[in-house]
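Read through the structure below, which is laid out as structure tokens, and then see the notes.
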Amino acid sequence: MALEQFSDVVQRCQGLPDDSYTSEDHNIFTVAGRSCIEKGDSVQVLSIVLDEKNQDIVRCMGWNLLPPLIQILIKKEDKNLSQCLAIFNHLLERCQPKELLIGLLEQLEQDDPDTVAESLHLLLNPLQKVLLRLGSRKASSLGMTLSSVLDQVAKLPLPYTKEQEEDDVFSLCRCCTNLITFIRPFVQEVKQNLQNSEELSEGKRMGGQNMDELRTELLKFCMKTLGHPLLEVQLKDPDTLVESPLRTFSTEILNTLSAIGEPLPSLVYQPLLKRKQVPGFLEEEVRYPKESLASLAHLVFVHHLAADTFPSVFSPVFCLRCNMEHICLLLSRTKETRIQKGLELYEKCLVRVEDGSLPADLLEIKTFLTVPQNLVKVMTICSRHDLRTRGLKVFQMSIDKFNTEAKHTFFQYMLKTSKHSGVEGYIIKNIKNQIDTALQPGNSNTWFEGVHLLPLLRKVLSLPDGPETDLLEYLDRVMESLNLLRYLVIRDKVTENQTGIWTELYKIEDSFLKPLRVGLNMSRAHYERELHNTMETKKSKAKEESVLSVSVGDETLPNVTSESQIQALHSALHTFDMIESVLVRIEELIEVRDNL
């Protein structure tokens with residue numbers, strides 16, 4: 001029945017001009033033709049489609065047969081597979097390119113990852129042929145196609161292990177390889193036009209607006225792929241995976257950027273270099289998404305892709321300055337892949353910088369203060385232990401790169417802004433190390449001795465809330481402050497007073513030691529009373545009961561038992577004993593020096 005209807009409508013339309021086909025003709029051709037293909041009458045459909053007398057009809061309506069053909073070609077199970085392929089190829093040659101493009105893009109849309117990969121593999125080459133048939137006005141169609149393709153690629157799972165990439169278990173690698181093949185003729189067209197333009201004046205520039213738009217669409221594609229999948233995956237080093245499809249894909253994207261007139265150095269160093277005005281309809285931040293530029297910087301400086309395109313005259317400090325914007329962005333994100341890449345990029349940039357060489361005026365640049373704040377968040381709240389550990393390593397490395405004046409300024413800033421006892425304690429330990437270096441013979445420096453050191457000591461040797469400071473919450477800071485003070489009164493002789501500690505001591509006693517003693521006594525008394533009450537309550541009950549409940553938001557956590565509460569109170573009292581032991585030792589040392 002369907003075959004008869006299909007044959008009848010084709011015969012009826014033979015010899016008629018295109019504008020004479022009715023909507024009913026279109027409808028019967030579409031419904032009957034699709035039904036024939038689905039029911040296995042592909043041999044007969046192929047014969048009708050190839051008939052020379054029917055070519056006008058095929059050119060006008062043939063694209064409507066694409067859906068069942070593509071489904072059969074994707075599944076590869078139909079007995080008439082070869083006939084369906086022949087019909088498909090003939091339609092690609094004869095149908096109008098605009099209609100073909102619409103039909104192919106409609107069939108590109110899939111949900112199942114396996115089908116997504118097969119559909120991309122099948123349709124990218126036909127889409128390329130159709131776009132090339134559009135001639136000089138293909139830019140917008142290419143942009144629409146690339147956007148649809150990348151939306152489909154985003155549905156594929158990412159390979160995380162070496163084995164997953166080697167075996168291409170999710171077909172992402174194959175799709176990426178196909179993508180590079182797909183864009184190659186369009187890239188070559190832009191590249192050739194740019195080369196020709198260099199030989200001609202602007203007024204005679206070949207391609208004009210159409211070529212600018214084509215270049216813009218390719219730029220958008222590269223920027224989008226730098227964001228996904230390349231920012232999401234971790235590339236394997238050549239030592240780990242000799243043949244890495246994703247590393248090859250990354251290299252091809254960078255080569256594409258260079259080919260279409262986007263020099264990689266100017267993209268990486270965009271935060272510092274004023275870019276030339278580029279024709280096109282995209283605003284700067286849309287044309288060059290910040291995450292994509294950060295991904296590009298990571299590929300160049302961490303994986304050394306396209307590194308040979310970068311001038312060797314750029315100093316390590318200049319490279320660091322340019323990358324700080326990218327590092328800041330990556331470390332500010334919550335996704336662990338971005339945090340990891342931010343840490344890797346920062347570490348690679350710092351390694352090339354000589355220790356003690358970064359001047360204090362760099363701290364006037366916003367990112368040199370924002371990046372440490374982001375690092376603090378990584379070190380304190382990131383869920384992955386390896387990233388927290390690496391964050392601390394990079395944080396220390398960044399401190400080591402500053403000269404003494406910059407370290408002094410940086411320590412003051414971090415003590416003022418970190419709001420985290422552990423971080424403040426770490427900074428105080430660094431201050432102690434710098435003082436110790438300064439006191440070594442021949443290492444004297446003005447920033448960690450005498451008049452410059454004292455303002456820093458006043459910040460360190462103080463209690464945030466005076467006697468009422470929560471000593472358990474601020475334990476790391478308090479202990480490091482006490483250790484620093486103990487070191488100073490032992491190491492710096494009263495007669496030399498290189499650090500100025502002995503002339504400042506009476507102020508330190510009033511602002512730090514005495515309030516700490518009061519706070520310590522108050523805290524101990526409070527916890528001893530709590531311990532006594534808890535033990536009495538436990539004795540008065542016949543069985544163990546929960547005595548404390550804790551709520552987080554609207555959720556009530558399991559109650560804390562008496563034993564747990566008693567253990568916590570004992571631990572707090574032990575902490576107070578530890579603080580007091582150091583405090584008593586300092587008081588003894590001061591008393592001995594006073595009696596000399």
(message) For the range 219-253, give me each residue that is at pLDDT below 95, open to solvent by 50 Å² or more (accessible area, probe 1.4 Å) and among the polar types (S, T, N, Q).
(response) Thr240
(message) Take residues that are under 27 Å from Leu267 (Cα atoms) and tell me which of the helices (runs of 4 or more DSSP H) falling wholly in the range 322-435 contain 1 or more.
(response) 336-351, 367-381, 385-401
(request) Determine whether Leu150 is buried (at least 20 other Cβ atoms within 10 Å of the Cβ), within 36 Å of the chain's Cα centre (by Cα) and part of a helix (DSSP H, G or I). (result) no
(request) Could you check Gln195 against (1) in a helix (DSSP H, G or I); (2) modelled with pLDDT under 95; (3) closer than 15 Å to Ser136 by Cβ and say which number it fails? (result) (3)
(message) Would you confirm whether or not the range 162-169 contains a residue that is crowded, with 20+ Cβ neighbours inside 10 Å and modelled with pLDDT of 95 or more?
(response) no
(request) Please give the number of the condition Ser481 fails out of (1) among the polar types (S, T, N, Q); (2) surrounded by 22 or more Cβ atoms within 10 Å (Cβ to Cβ); (3) free of Cβ contacts under 8 Å to residues at least 24 places away in the same chain. (result) (3)
(request) Please state which one of Phe448, Phe410 is open to solvent by less than 30 Å² (accessible area, probe 1.4 Å), touching a strand residue (DSSP E or B) at 6+ places or on another chain (Cβ under 9 Å) and not small (Gly, Ala, Ser). (result) Phe410
(request) Filter the range 73-102 for residues that are at pLDDT below 95 and among the small types (Gly, Ala, Ser) and give the result. (result) Ser82
(message) Looking only at the range 325-379, filter to residues that are polar (S, T, N, Q) and over 26 Å from Ser421 (Cα atoms); which one of those is surrounded by the most Cβ atoms within 10 Å (Cβ to Cβ)?
(response) Thr337
(request) Mind telling me which of the residues Leu471, Leu457 ends up being among the hydrophobic types (A, V, I, L, M, F, W, C), under 21 Å from Leu583 (Cα atoms), open to solvent by less than 20 Å² (accessible area, probe 1.4 Å) and not in a loop (DSSP other than H, G, I, E, B)? (result) Leu457
(message) Yes or no: the range 497-513 includes at least one residue that is in contact with a Gly (Cβ under 8 Å, 6 or more places away or on another chain), part of a helix (DSSP H, G or I) and either modelled with pLDDT of 90 or more or surrounded by 11 or more Cβ atoms within 10 Å (Cβ to Cβ) (or both).
(response) no
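The values are calculated or read from the model by the stated rules, or taken from the named source; none is laboratory data. This is a predicted model, so every value here is computed, not measured. Please note: Cβ atoms are built from the backbone with ideal geometry, for glycine as well, and neighbour counts cover all protein chains shown. Surface accessibility is based on the protein's heavy atoms, side chains included, excluding ligands, DNA and RNA. Shrake-Rupley method; radii C 1.70, N 1.55, O 1.52, S 1.80 Å.
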